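Visitor: Mind having a look at this structure? Questions to follow.
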Amino acid sequence: MRVRHLGGEGGTGLNRRIAMALLGGVAGWTVSARAQSMPVIGYLGSETQERYRSRLEAFRQGLAEAGYIEGRNVAIEYKWAEGQYSRLPALARELAARNINVIVAAGGAEVALAAKAATSTIPIVFEMGGDPIALGVVTSLSRPGGNLTGVSSLSVEVSRKRLEFMRELRPATGKFAVAMNPTSPTSGAQLKNLQAAADALGVELVVLYGSQEQEFPGMFTAVRDSGAGGLVFSSDPYFAYRSPQLAALSVRHAVPSMTQSRDFPLAGGLMSYGGDFSQSHRQTGIYAGRILKGEKPAELPVQRVTRVELFINLKAADNLGISFPPSILGSADRVIE
């Protein structure tokens, strides 16, 4: 390429600017071409990136096991609903409208259902705690068909077990509260299971509803006002991702509480019982990598993470004046002192 010299100091400066602009354009084209040469994962999450931090670490570990490192040989475009489930369908459609190789819908049934509604052609890998067949996400676990496959844990199925643990911890108590998120697609099935467990245990249930953080303090106050001996949270990502806030409230109101996520007792809460999210999100990364290598989601069976973990916090129990019976201590996967 020849650049004509216009002469004089001003001309030299103009020529230099033209040359720099051309070089910058070439450099920008090179970076863009490099990015376009990578496969792109669209990652749809119900919360913020910070709330997903530990889950993302597990996902990236699985992705690396499949041979992909973000920024090196795969690009990831993130869309976050920031705790507002109503935003998920629009965010899923935004991803589907872009040049995405696979969509990862991690963190609950609401995310998977939004992704499924957005596209029937782009491969989708979901991660949830509920039954994907009952929720209408897939028709078969062994051969899911269509464009979806993924990972499911037992978090939703073991909601009733949390009530059983709470009764075992407080055998003289005849009333317990359960917290439900009415916007969750699994809330109806979980409440039915919890009520069946309450009937079998001979205890009364106080059902509390909450889907926004500002409702949390009132839920704990309602437990105390109702005379319930403890609070059991149903399995829901909105609750799980707010474990530190819930732990702080349980301490402040002196309410024995139990959730699905280990983050709750790690933050000072009493107990948790639920699926191992590190394994489910890691497997999601592995599946995303396998699809990028050419495997079809229709031929990848839905994985079931059957490991369920029980975490207990002895300091929280001491502050509440509660002692864990040997049966619970012996069953714990981790005891926090």
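Visitor: Cross-link candidates for Lys79: which lysines have Cα within less than 21 Å, leaving aside residues fewer than 8 places away along the same chain?
Guide: Straight-distance partners of Lys79: Lys116.
Visitor: Ranking request for peptides 132-139, 255-262: highest mean number of other beta-carbon atoms within 10 Å first, then the rest in descending order. Each step should come with its number before you reach the end.
Guide: Values: 132-139: 18.2, 255-262: 26.6.
Most protected by this proxy first, the peptides run 255-262, 132-139.
Visitor: From the helices alone, meaning DSSP H stretches of at least four residues, give me the mean residue ellipticity at 222 nm for the chain, per-run term -39500 (n - 2.57), in deg cm²/dmol to the nearest 500.
Guide: Values: 13 runs with 146 residues, N = 337.
My calculation for the chain gives -13000 deg cm²/dmol from helical runs alone.
Visitor: How long is the gain from Arg72 to Ser86 if the chain were fully straight, where each residue apart is worth 0.36 nm and the alpha carbon distance is subtracted?
Guide: Fully extending the segment from Arg72 to Ser86 adds 1.7 nm.
Visitor: Using Cα positions and a limit of under 17 Å, work out the lysines in reach of Lys161, with same-chain residues fewer than 8 apart set aside.
Guide: Result set, ordered by chain and number: Lys175, Lys192.
Visitor: Could you check the simple spin-label distance between Thr173 and Ser226, using points 7 Å along Cα→Cβ, in nm with one decimal?
Guide: Label at Thr173, label at Ser226, 1.2 nm between them.
Visitor: Now for a separate question. Rounded, prolate or oblate: which one fits segment 194-319, using the alpha carbon gyration tensor with axes a ≥ b ≥ c (rounded when a/c is under 1.5, else prolate when a/b beats b/c, else oblate)?
Guide: Values: a/c = 2.37, a/b = 2.03, b/c = 1.17.
Since a/c reaches 1.5 and a/b is larger than b/c, the shape of segment 194-319 is classed as prolate.
Visitor: Pop a pseudo-label 7 angstrom from the Cα along the beta-carbon direction at both Ala134 and Arg93 and give the gap in nm to one decimal.
Guide: Result for the modelled spin labels: 3.1 nm.
Visitor: Taking θ = phi - 60°, what integer Hz values does the Karplus form 6.51 cos²θ - 1.76 cosθ + 1.60 yield along segment 171-179, in sequence order, with x for Gly and Pro?
Guide: Whole-Hz 3J(HN,Hα) from phi for segment 171-179: x, 7, 8, x, 9, 9, 9, 10, 9.
Visitor: Moving on. When DSSP assigns beta bridges and you keep just the ones with both residues in the chain, what percent turn out antiparallel, to the nearest 5?
Guide: On the way: 5 of 44 bridges.
For the chain, the DSSP antiparallel bridge percentage is about 10.
Visitor: Using modelled backbone amide H atoms (1.01 Å from N, in-plane), which distant-in-sequence or interchain residues come within less than 5 Å of Glu204's amide H?
Guide: Counting only residues 5 or more places away or on other chains, the set is Lys175, Phe176.
Visitor: Which one, Val158, Asn193, Pro171, projects farthest toward the positive side of the charge dipole computed for segment 123-194 from Cβ point charges (K/R +1, D/E -1)?
Guide: My answer, from the dipole projection, is Pro171.
Visitor: Given a Förster radius of 41 Å and the C-beta distance between Asp199 and Thr48 as r, what FRET efficiency does 1/(1 + (r/R0)^6) yield to the nearest 0.05?
Guide: Numbers: r = 39 Å, r/R0 = 0.95.
Calculated value: 0.60.
Visitor: Follow-up. Go through Gly202, Asn313, Gln84 and say which Cα lies farthest out towards the positive end of the charge dipole of the chain; charges sit on Cβ, +1 for Lys and Arg, -1 for Asp and Glu.
Guide: Checking the options against the dipole of the chain, the answer is Gln84.
Visitor: Rank by packing, highest mean first: peptides 163-171, 294-302, with packing defined as the count of other Cβ atoms within 10 Å averaged across residues. List each step's numbers first, then the result.
Guide: On the way: 163-171: 19.4, 294-302: 15.0.
Ranked by mean Cβ neighbours within 10 Å, highest first: 163-171, 294-302.
Values in this text are rule-based calculations from the coordinates and carry no lab data. Just so it is clear, the model here is predicted, and its values are computed rather than measured. Neighbour counts run over all protein chains shown; Cβ positions are idealised from the backbone, glycine included.
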